[in-house]
Every structure is written in C-alpha cells, then in structure tokens.
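Below is one structure, written out as structure tokens, with a few remarks after it.
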Amino acid sequence: MKKLIVRIAAVLMLVLVVSAIASPVPVLADDGATVAVAAMSDEAANIHSKAWAASIVIAVVAAAGAISMGLVIWKTIEGIARQPEAEGKIRTAMMLGLVFVETAIIYALIVAILIVFVL
C-alpha cells in the first residue's frame, strides 16, 4: 500500500510539473530585459484552463477508479477462495460494487465535459 501511495504522489507531482512548464511565463530577451511570451487572449487562456481542469478531473478519477476496481476484484477472489459455496453471493456483491465505481467515473466524465463546454 505504501508503494501505491508513493506512485500516486509521483504521478500527481508529474502533472503539476508539466502544468507549470506548459503555462505561459515571462522569458529573458537577448539584452536581459524581461518580456512576456505572446500573451494569450482571455478566451484562449480560459479554454486552456478548462482543458487542464477537465484532464486533471478525468486522470484522478480514472486512476482512483482503476485502483478501487482492482481492490474489489482482488478481495472478491480471496473471498471466493475462502468460501467457494458463497461464490454466487460474493460475485453479485462484486458486480454491484463495480457498477457503483464505474458510475462515479462516468459522473466525473460528465463533469469534465460540462467544464469544457458549459462553464
């Protein structure tokens, strides 16, 4: 579990570093004077921030959903191995849990689409 947390933190740090690098920043001209990078219009900056927000929402929720689905399946297999006679009930509960996790991921997708196209 500790390795998983370290990996998730590393991915989040990578996302933050990439977003910091991709954002418009002032650069130095040949004479050493500070000049701004070609300024984006307000609309372009708004679209840029919406795209980042939507991609972060999808990335975080999809990663969390994949991890939780893996844990659900892992524990289901353990439960079936311990009590093979309860396989039907355990599998039914697993499918219901997977549906709830997938529903949360689909809601995040809908939120990301709303961020990009409505807000």
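Modelling each spin label as a point 7 Å along the Cα-to-Cβ direction, I'd like the Gln83/Met1 distance in nm, to one decimal.
Inter-label distance under the simple model: 2.2 nm.
Given a cut-off of under 8 Å on Cα pairs at least six residues apart, what relative contact order in percent is computed for the stretch 44-119?
Numbers: 40 pairs, mean separation 41.4, N = 76.
Reported relative contact order: 54 percent.
Taking the Cα-to-Cβ direction at Ile106 and at Ser41 and moving 7 Å from each Cα, how far apart do the two end points lie in nm?
Using points 7 Å along Cα→Cβ, the separation is 3.8 nm.
Taking N as the number of residues in the stretch 44-119, what is its alpha-carbon radius of gyration divided by 2.2 N^0.38 Å? Walk me through the numbers before you get to the answer.
Working: Rg = 17.3 Å, N = 76, 2.2 N^0.38 = 11.4 Å.
Against the empirical 2.2 N^0.38 Å value, I get 1.52 for the stretch 44-119.
If R₀ is 30 angstrom, what is the calculated FRET efficiency for the pair Val11 and Leu96, using the beta carbon separation as r and rounding to 0.05? Intermediate results must be reported in sequence, preceding the final value.
Values: r = 29 Å, r/R0 = 0.97.
Result of the calculation: an efficiency of 0.55.
Quick note: the coordinates plus some simple rules give every number you see, no bench work behind them. All of these numbers come straight from a predicted model, not from anything done at the bench. So basically every Cβ, Gly included, is an ideal-geometry build from the backbone, and we count neighbours across all protein chains shown.
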